[in-house]
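**Student:** The structure follows.
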Amino acid sequence: MSTTMASVHKRPILVWLISLFGLLYIMWTVLATILAQTGAIDVEPLDVSLLEKLPTIILALLIVAAAVALFSLRNVARILFLFALGLNLILTLIHISQTGWFEEFWGGGSVYKLIWHAYFIAASVYVWRSSKNGVLH
């Protein structure tokens, strides 16, 4: 067995799941955004400038970097996931201040948002524990 195959088998299943879910979720979001922007799917037009999208773009880049770092079993994944969790919390609070609690948790896309929030919390806790247990280096 080569060293590459041996290193693949050393990754815990949760590393695979968290990394793949993060990458697939971001790819799905990018695809949905492209489809909405090109008019391929019918949605209400959003009047949002690039500057207003910047925090969301940064969040997506953080998740991609964190997922890759976690898959590589790097300790930096802990920092990246914590930054992503913090930015997600800030963006959520801003959205709540603009639309209200009901809209955030029961409005359009609420299931999508709840899955996303649960992912951030679960991934951050898992990465923190993995770092403390020496899984990440």
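The values are calculated or read from the model by the stated rules, or taken from the named source; none is laboratory data. Everything numeric here is computed off the predicted structure, so don't read it as measured data. With ideal geometry, Cβ positions are generated from the backbone for all residues, glycine too; neighbour counts draw on all protein chains shown. Heads up: the accessible areas ignore ligands, DNA and RNA and are worked out on the full protein's heavy atoms, side chains in. Shrake-Rupley method; radii C 1.70, N 1.55, O 1.52, S 1.80 Å.
**Student:** State all residues of the stretch 25-37 that are open to solvent by 100 Å² or more (accessible area, probe 1.4 Å) and over 16 Å from residue 109 (Cα atoms); if no residue qualifies, say none. Working first, answer last.
**Tutor:** Initially, the stretch 25-37 is screened for residues open to solvent by 100 Å² or more (accessible area, probe 1.4 Å), giving 27-28, 37.
27, 37 - these are the residues of the stretch 25-37 that are open to solvent by 100 Å² or more (accessible area, probe 1.4 Å) and over 16 Å from residue 109 (Cα atoms).
**Student:** Looking only at helices (runs of 4 or more DSSP H) that lie completely in the stretch 53-137, which have at least 1 residues being within 12 Å of the chain's Cα centre (by Cα)?
**Tutor:** Details: elements: 76-99, 101-106, 110-132.
Counting at least 1 such residues, we get 76-99, 110-132.
**Student:** Right, another one. I'm trying to understand the selection: among the residues of the stretch 91-130, which are open to solvent by 80 Å² or more (accessible area, probe 1.4 Å) and in contact (Cβ under 8 Å) with a residue 24 or more places away in the chain?
**Tutor:** 121, 128
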